[in-house]
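The values are calculated or read from the model by the stated rules, or taken from the named source; none is laboratory data. Not measured: the values here are computed from a predicted model. When we count neighbours, we look across all protein chains shown, and the Cβ atoms used for this are built from the backbone with ideal geometry, even at glycine. Side chains are part of the model used for accessible areas, which takes the heavy atoms of the whole protein and leaves out ligands, DNA and RNA. Shrake-Rupley method; radii C 1.70, N 1.55, O 1.52, S 1.80 Å.
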Amino acid sequence: MGMKEMKAAYVAKMEAQVAEWGAKLKQMKAKAEKAAAQGRIEYQQKLAQAKADEKHDQARRKLDELKAAGEDRWEALKSGVEGAWNELKKTVDSTKIE
């Protein structure tokens with residue numbers, strides 16, 4: 001597998017993961033809206049503390065940067081995407097609502 005194919009496969013994998021987490025964040029926000037007033041306040045505070053939206057946007061920007069990079073730079077940018085991906089994963093995993 002050449003560098004071009006490796007980059008394409010990696011980008012596709014990360015696109016799917018970022019999209020999945022974006023959907024989970026939307027689902028959690030919807031549940032928060034349906035929650036009782038106190039539960040909603042607590043949940044929204046938790047989301048604000050985690051800065052989930054910012055981390056999602058950051059992961060999206062890093063992925064867009066990787067997609068736009070030439071084949072010679074994508075390996076160097078990969079660690080930035082993975083760092084943002086890990087931060088977003090921690091946020092999504094720690095901000096679950098029952």
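Overview of values
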| quantity | calculated |
| --- | --- |
| Heavy-atom surface of the chain, accessible at 1.4 Å and reported per residue (Å²) | 64 |
| Under 14 Å, Cβ to Cβ, from His56 - net charge with Lys/Arg +1 and Asp/Glu -1 | +2 |
| 19 Å tail of the calculated P(r), the range 1-79, as % of Cα pairs | 48 |
| Top positive-direction residue, dipole computed over the chain with Cβ charges, set Leu88, Tyr43, Val11 | Tyr43 |
| Additional length obtainable on full extension of the chain from Glu20 to Asp53, 0.36 nm per residue less Cα span | 10.5 nm |
| Surface share of carbon and sulfur [accessible, 1.4 angstrom probe, percent] for the chain | 52 |
